[in-house]
Amino acid sequence: MLDIKSSSIIYLYDCMMNAKKNNNDGSYNWLLSKCKNQSSLCSIERKSTGIISMTLNTFKKYSNDNIDGGFEKINTLRKEIYNKYNPKVKTANKKENLKKKNLSVQKRLENSERQRAILLRAYKDLNQITLDAICNSPQYDYAYKKHSKMYYKYFNLSIIVDNE
């Protein structure tokens, strides 16, 4: 008759083997979340099935005594289960996606700056036409000064008039 810690290790190992083979029905989800690291694995406690929580050193000792391949085999199995059910996105793909996003943002910024320059150029040209018209009709001078204040407010730029 095995003691409770030995039977706990054996049953946990059997559950890990079954989880690795097939978890389509979700019956081993309780185990999958605990395979992230060694300390999580040895902290599993399911008294209804005979699995008890142990310290990592105790877990290693009983694993080495009761499982062929010992703790190393359980740890390798833990990593395999974790990687199978928590696949990593390749770092190269992440870097490539970040580069694409960066280029996209740069293009949008360049387009925005181009559009801003076009708007300012068009506004400058229209402003020059307006100034020429005011020279011929001075009654619109007040409206133009009001307009200049709005221009400064929206674009944070001042209109410079060349009085030649």
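The values are calculated or read from the model by the stated rules, or taken from the named source; none is laboratory data. This one's a predicted model, so the numbers in the text were calculated from it and none came from an experiment. Reconstructed Cβ throughout: ideal geometry from the backbone, glycine too, with neighbour counts over all protein chains shown.
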Residues (closer than 14 Å to ASP68 by Cα, crowded, with 18+ Cβ neighbours inside 10 Å and not aliphatic (A, V, I, L, M)) located in the range 8-22: TYR13
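Take ASP68 and tell me if it is in a loop (DSSP other than H, G, I, E, B), over 35 Å from the mean Cα position of the chain (by Cα) and among the acidic types (Asp, Glu). Full working, then the answer.
Values: in a loop (DSSP other than H, G, I, E, B): yes; over 35 Å from the mean Cα position of the chain (by Cα): yes; among the acidic types (Asp, Glu): yes.
Yes: the conditions hold for ASP68.
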Restricting to the range 28-65, what's the tally of residues that are in contact (Cβ under 8 Å) with a residue 24 or more places away in the chain and assigned to a helix (DSSP H, G or I)? 9
Find all pairs meeting these conditions: Cβ atoms under 6 angstrom apart; at least six residues apart or on different chains; first residue within the range 10-21 and within 10 Å of ILE81 (Cβ to Cβ); second residue loosely packed, with under 15 Cβ neighbours inside 10 Å and at pLDDT below 90. none
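Can you name the residue in the range 23-62 that is aliphatic (A, V, I, L, M) and at pLDDT below 90 and, of all such residues, is surrounded by the most Cβ atoms within 10 Å (Cβ to Cβ)?
Restricting attention to the range 23-62, the residues satisfying the condition of being aliphatic (A, V, I, L, M) are 31-32, 41, 44, 51-52, 54, 56.
Adding the requirement that they be at pLDDT below 90 leaves 31-32.
On the way: LEU31: 22, LEU32: 17.
Only one residue fits best here, namely LEU31.
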State which residue is modelled with the highest pLDDT when the search covers only the range 75-95 and only residues that are charged (D, E, K, R), in a helix (DSSP H, G or I) and out of contact with any Lys or Arg (no Cβ under 9 Å at 6 or more places or on another chain). LYS79
